[in-house]
Structures are given as structure tokens and as C-alpha cells.
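S.K.: Dumping the structure here so I can ask a few things about it.
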Amino acid sequence: MAATADTSNHYKYVLLNAVSGHTFKAILMDTTFSFDRDTHATLSDVTSDQLATNYGYTQDDKTLTSVAVTEDDTDDQAQFTCDDVTWTASGGDIGPFGAMIIYDETDTNDAVVGCIDFGTDYTIVDGSSWTGQDIVINLGIGS
């Protein structure tokens, strides 16, 4: 007989809340990037697929603001949320890109928190802005 384990929603919240005060950053990934939760653990694991610094996009400079952690007893998880991020193209187009990586810059290894796959490719046309979709990362250990 196999034993099973489960984790309380509050402990999921405690785990995420432990990084309160850390600096989190967002980077845009080229259209060939495919996130692998097993191998994409740190920023250095994904850097080769990040967009190049150009036309209003600068690698590793978009800091997330209003980072908050909440306990969600309805869906049995904890959530990491923050304000939307915006990039503005200037002098040329930014992209195309299809995903955004969130990483913890405070961590010694720049740990990857998660990936937001947009499900489509975007290009920010010169002179226009693009605001990323809501950033919500769920921690659902044991659920």
C-alpha cells in the first residue's frame, strides 16, 4: 500500500511568503523557447532564449512591483501576484516573443519562479507599448 502526503494551504503560503522582500524580475523569451520545469531552474538555464537588448527592451532590467502572496483555500494553493509589466518599443520592434520568465534576483542563483506562456507570439511595434497579462503564479504542492 502506498502512502500519500498532502500539504496545508497555509504552509504553501508560508513558503511563498518567505521570499517577501526579494527582488523579482521579468524577461521576455523568443518564440523558440519551451519551458521545462525540470531543467529551467535558474536564469542561466534560460538566458540563451531571452530577447536581445534592443529597441526599448533591456535584458534583466524589468523589476516586478507590488509583489503579494495570498493563501487560496478555495483552490488549495498559494498565489504569487504583482503589477503588470509594460515594455515600449522605440527605434524598432521588440520581438517576436511568446513567453515571459519570472526569476528571483535576490536568490544567489537567480532562481526561476515560473514561466508565463502567452499561447501566441507578440511583437511590440515601434512607437507602441505592450502590457503583459496578469502575473499569477500558483503554488499547489500536494494538490
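Just so you know, all these numbers are worked out from the coordinates, no wet-lab data involved. Fair warning: this is a prediction, and the values are worked out from it, not measured in the lab. Here the Cβ is made from the backbone with ideal geometry for all residues, glycine too, and neighbour counts use every protein chain on show.
S.K.: Modelled label-to-label distance, T39 and T63, 7 Å Cα→beta-carbon offset: nm?
M.R.: According to this spin-label approximation, the distance is 3.3 nm.
S.K.: What's the FRET efficiency of T70 with T123 using the Cβ-Cβ distance as r and R₀ = 41 Å, to the nearest 0.05?
M.R.: Values: r = 33 Å, r/R0 = 0.81.
With a Förster radius of 41 Å, E is 0.80.
S.K.: Going through segment 1-45, which chymotrypsin sites (Phe, Trp or Tyr not before Pro) have at most 14 other Cβ atoms within 10 Å and a DSSP loop state?
M.R.: Hits after loop and neighbour filter: nothing returned.
S.K.: When the dipole is taken about the Cα centre of segment 9-139, and only Lys, Arg (+1) and Asp, Glu (-1) are charged at their Cβ, what size is it in debye, to the nearest 20?
M.R.: Values: 4 positive and 23 negative charges, 44 e Å.
Here segment 9-139 has a charge dipole of around 220 debye.
S.K.: Based only on other Cβ atoms within 10 Å, what is the fewest-to-most ordering of W87, W130? It would help to have the intermediate numbers written out before the result.
M.R.: Numbers: W87 23, W130 18.
Lowest count first: W130, W87.
S.K.: So, one more: Which entry in (i) 156; (ii) 130; (iii) 143 matches volume of the Cα convex hull per residue in Å³ derived from the coordinates of this structure?
M.R.: Matching entry in (i) 156; (ii) 130; (iii) 143: (ii).
S.K.: Still on this structure, please answer the following. Using Cα pairs under 8 angstrom and six or more residues apart, how large is the relative contact order of segment 9-139, in percent?
M.R.: Details: 284 pairs, mean separation 41.9, N = 131.
Relative contact order, segment 9-139: 32 percent.
S.K.: Now a separate question. List, in order, the whole-Hz ³J(HN,Hα) value for each residue of segment 89-103 obtained from phi through the Karplus relation with A = 6.51, B = -1.76, C = 1.60 and θ = phi - 60°; use x for Gly and Pro.
M.R.: In residue order, the calculated couplings are 7, 9, x, x, 8, 9, x, x, 9, x, 8, 10, 9, 10, 9 Hz.
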